[in-house]
Structure formats: structure tokens, C-alpha cells
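A quick write-up on the structure given underneath.
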Amino acid sequence: MNSRVIAKNSFWYGIETFASLFLTFFTSIVIARSVGPAKLGYFLYLWWIAGVAGTIGSLGIPAATRRYMSEYFGRGQMGVVRTIFFQTLRFQLIIAGLITSGSLVFIWFCGEREYRTIAMLMVGSIFPYMVNSIGASANTALEDLRANVPASLVSTGIFVIAVYSSVWFGWGLLGISIGLLTMRSLELLVRLVPLILRMSHYPSEPLDHALGRRMFLFSGQSLLLMVIGLIVWDRSEMVVLKNFCSDIRQVAFYSVAFNITERLLVASQVFGTATGATMMAQYGRDRTRVRGLIATTLRYLAIIAFPVHLGLAAIAAPVMWIVYGSKYAEAVPVLMIAACLGIPKAFMLPVQALLGSWERQDLLIRWGLISGVLNIALDFALIPKFGAVGAAIANGSTQTFSVVALWIVALRLLGVRVPLRPMLKTFAISAGMAGTVAFATYRLPAVPAVTVAAVAGLILYSCLLRLARILCPADRDRMLGVAKHVPCRANRAVNVGLSWLIPAPPLKPEIII
């Protein structure tokens, strides 16, 4: 049952994530190429500030929505699920209104006059962004990630049109800011209205006092975790780059490298989000079975993340030239560092869901505070001297420390033993593939180098994966569950590929007496 649900949600979340990939990645390329690194630095700084304000107000209550709706959905108590949804939605509307209003007043009186209109439009999008997080969290809690897809597709289409229209007609950053506000507003309507109608069909049940106290505590802890997360996992280095680096282009160099690395996490986040949703719901059904998901989750994330990140580091120069152009050549070493040190982030979502399900957010907070102090110390030690390169080292080193510490704590807490040998073998063959690809393509022009690297890297990695026998027949059965969602014409090719990649064990001969 869990395998089918994870496969289905991985498929639908994959569609939503790839829509977001198109939105944030390809449109950012158009913007970067049209305005250049200097103007892009100021714009990305404003974008990040607006995103931070929305994100801080988006985790506390939405996290509680996802956590407790998941638990009672797993128990089949839909009346309580309805009550949790509408109460958290009401609170979020109030908080979103207060944060957005305060941010607008601050921008009006304290923002740079040249960017005031643009900044106010971007800050205005905080309100729909915050409220929309309740709808997305509720659909995730109901293990129905398919319901999030239409809104994502609508918002992607709107923003893509806004960006390309602004570049074509010369509207500049003002047109892009208007597109951002419109995109988030319509995304809210498309996602929230069907969910409200769905929840209205269930009878309401009152929440007991103990549950209300648990939700309040969980929301507060989640908000604190979000603030920590902004330091450790988001681009908090941009503040130091903006104020302690004389070259504003360093903000753009760090941001574009960070942007590419974040896109590498798409496949890992698809699988990690689907697994995390099932972990939370499974906690309400039978918490003892959650342990069985952990080892498999870590193995699959290693198989996905190691080759992608190390492969990108091997061809960072041609990728940067193709994507952003020669103006961003100084971002190449930043991208190489960010790609390698960004691997641990692929393993973060499952451990957050795991500790959240057991209501052990105190561990996330404790280690998050330690990581946050480490991150700030590294930022001020490295960024003033090394700029964007120092920012990438500080961010990646802190993330590595945080993920390793949390997984050690979580595995000890649950008494789970994870086989490290398959993960180490996966890292070894991924590094071998990346080194081979780098050596084979370093003399080629950019476009042929990336093309050859992608094809040769995939073939070589698949062969090494098969020879190392990291996957077993049980893995093939799980992957066939995902393959069922592939179009019929491609299904046969997927089945043949899986049969080659994971050969069936030889049959034992019968002994006839």
C-alpha cells in the first residue's frame, strides 16, 4: 500500500515540481541574460527579502496543518481533519494580512526609491503566498499531491507569459513584479477553492484541549525551525554579500549557482516529499512500520543525488556558459562547490518528516541552532574575502554538518540500522563516472561537452550501477509501480530497462529425490 501511494504521489509531485522548475529556472535565465549581473543582484536581493517574509509566516501554521491533518486522516477521523483545516486557514489569513501590511509600510518608508514600486508589488504577493501554503499543506496531508498540480500549472503559465512579455515589450522588472503578484493570487484561488468545497462535505468535530495545545506548540516550534532554516538552508549569505562585499555582482554569481544547484534537487525532493507525506500518515496508521521506510529511502536518495550533483560539478563551466552566458563566467567555481556540497540537502526532507511525526522537533531546533551559529560564523569568516565562493563553502559546509547530525540522532532515537555499504558504493561509482566525464569532455566546446557528458554519464553510471549490484529484485518491483504511470508506449521500454538494470536472481535447481 505504501509503495503504491508513494509512487503515485511521486508522479504527481514530479509534475508540480517540474512546472516550478520551468517557472523558476528558465525564467530566471531570461531575466539574468536581459538585465546583466549588476541589476540582477539588486533584483534578486529584493526577491529574496520578499520571499523570506512570506516563508517565515508560512511554516508555523501550515506545518501544524500538514502534521495533524495527516495524523487524523490516517485514523479516518475526517471531522477532526475538517476542523483543523478551517481553524488553521482562519489563523493564517489573519497573520498573512498583518505581515503583508507591515512589510508594505516598511518598504514605503525605508525602501530604495528607485525600486519602491517593484518592491511593493513583490511584497504584496506575500499574502497569497502565505495563504496558499495552507492549501498545499492540506493536500499533502491528505496524500493527494495530484490536487496541487492544477494551481502550479496555472501559476507557471502566467509567470512565463509575464516574463517573456516584459522582455519583449521592454517592461523590465516592473512587468515581472506584476506577473509575480498575479501568479500567486490566481494560484491561491485555483488551489484553495476546490479544497474548501471538499472539506465542507465532512461534518465538523470539535478539537479537544490537548490537541489544541499540541498544535500551538508544534506551530511555534515550526516557526522557529523556519527561521533557522532560512539561515542554514536558504540564501541568507545574500545579506552578507550585499552589505560586506563591494561587488554587487557577487550576489548574482552566488544566486545563479544556488539556483542551478536547487534545480538538481528536483528528483530528490519529489521522492523525499512523497515519502515524507506517507511517513506522517503512516504514523497515524501504524508507527512501527515507519522504520521500514527509512533504509530504502536513504538508498534511493543516494542513487538519485550522488551522480547528478557530482556530474554537474564535472561540467560546471560549459553549463554556466550555455545557461547564463559569458558574463557569469566568474560563477563557475561557485557552481562547482555548490553542486558538491549541495548533496546533503537531498536527504533533509525525510528526516524532517520523520522527527516531526514523532513530535521531536526539539531535536531539529537544537541542532538547527548549532548549525545556524556555525553558518553565521563561516559567512563572516569567508564572504568578505572570497565573495560568492566563500558563501558557497559556508552554506554547503553547514548543510553537510546539519544533515549528518540529524540523521545520526534520528537513527539512534528509532533504533534503526542503515546499511552504509550500498551508499558508499553508490558514491564511489558516481565519483568515478563524474571524473571520467570531466576528462572526456574538457576539450570540447560547451554544447557538445554537455551533450556528450549527459549521454556518456548516464550510460556509464547505469553500467556501474548494474555491476555493483546496488539494486535488488525488490527494488525492481517498487520501480515498476512508478512505471505504471508512464505512457503505454514508453512503459515497455521502462520495463526492459529495469530488467537489464536489476537482473533477476538465478533460479535454484530443484533436487529430485
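The values are calculated or read from the model by the stated rules, or taken from the named source; none is laboratory data. Being a predicted model, the structure only gives us computed values, none of them experimental. Positions of Cβ are backbone-derived with ideal geometry, glycine not excepted, and every protein chain shown enters the neighbour counts. With ligands, DNA and RNA removed, areas are computed over all heavy atoms of the protein, side chains included. Shrake-Rupley method; radii C 1.70, N 1.55, O 1.52, S 1.80 Å.
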(message) I need the full set of residues from the range 321-352 which are charged (D, E, K, R) and crowded, with 20+ Cβ neighbours inside 10 Å, in order please.
(response) LYS345
(request) Look at the range 153-184 and say how many of its residues are of a type in the set (Val, Ile, Thr), touching a helix residue (DSSP H, G or I) at 6+ places or on another chain (Cβ under 7 Å), more than 16 Å from LEU44 (Cα to Cα) and open to solvent by 50 Å² or more (accessible area, probe 1.4 Å). (result) 3
(message) When you scan the range 157-169, do you find a residue that is within 30 Å of TYR68 (Cβ to Cβ) and at pLDDT below 85, even just one?
(response) no
(request) Determine if the range 60-69 includes at least one residue that is modelled with pLDDT of 75 or more, assigned to a helix (DSSP H, G or I) and open to solvent by 20 Å² or more (accessible area, probe 1.4 Å). (result) yes
(message) List pairs: first residue in the range 303-320 and under 27 Å from ILE502 (Cα atoms) and open to solvent by 20 Å² or more (accessible area, probe 1.4 Å), second residue part of a helix (DSSP H, G or I) and of a type in the set (Phe, Trp, Tyr) anywhere in the structure, Cβ distance under 7 angstrom, at least six positions apart or on different chains.
(response) ILE304/PHE271; PHE306/PHE427
(request) List every residue pair whose Cβ atoms sit under 8 Å apart, with the two residues 6 or more apart in sequence or on different chains, where the first one lies in the range 103-122 and is touching a residue at least 12 places away in the same chain (Cβ under 8 Å) and closer than 19 Å to GLY179 by Cα and the second, anywhere, is among the acidic types (Asp, Glu) and open to solvent by 80 Å² or more (accessible area, probe 1.4 Å). (result) ALA119/GLU112
(request) Go through (1) assigned to a helix (DSSP H, G or I); (2) surrounded by fewer than 20 Cβ atoms within 10 Å (Cβ to Cβ); (3) aliphatic (A, V, I, L, M) and name the single condition LEU207 misses. (result) (1)
(request) Report yes if some residue within the range 111-126 is buried (at least 18 other Cβ atoms within 10 Å of the Cβ), under 29 Å from MET69 (Cβ atoms) and not aliphatic (A, V, I, L, M); otherwise report no. (result) yes
(request) Return yes when ARG417 is assigned to a helix (DSSP H, G or I), open to solvent by 60 Å² or more (accessible area, probe 1.4 Å), touching a helix residue (DSSP H, G or I) at 6+ places or on another chain (Cβ under 8 Å) and not aromatic (Phe, Trp, Tyr) and no when it is not. (result) no
(request) Identify, by number, the condition in (1) at pLDDT 85 or above; (2) closer than 21 Å to MET348 by Cβ; (3) surrounded by 22 or more Cβ atoms within 10 Å (Cβ to Cβ); (4) of a type outside the set (Asp, Glu) that GLY276 doesn't meet. (result) (1)
(request) Return yes when TYR129 is out of contact with any strand residue (DSSP E or B) (no Cβ under 9 Å at 6 or more places or on another chain), open to solvent by 70 Å² or more (accessible area, probe 1.4 Å) and either part of a helix (DSSP H, G or I) or free of Cβ contacts under 8 Å to residues at least 40 places away in the same chain (or both) and no when it is not. (result) yes
(message) Checking ARG489 against (1) over 29 Å from the mean Cα position of the chain (by Cα); (2) at pLDDT 85 or above, only one condition comes out false. Which one?
(response) (2)
(request) Output the helices (runs of 4 or more DSSP H) that fall wholly within the range 296-382 and possess 1 or more residues being among the polar types (S, T, N, Q) and at pLDDT below 90, or say none. (result) 348-357
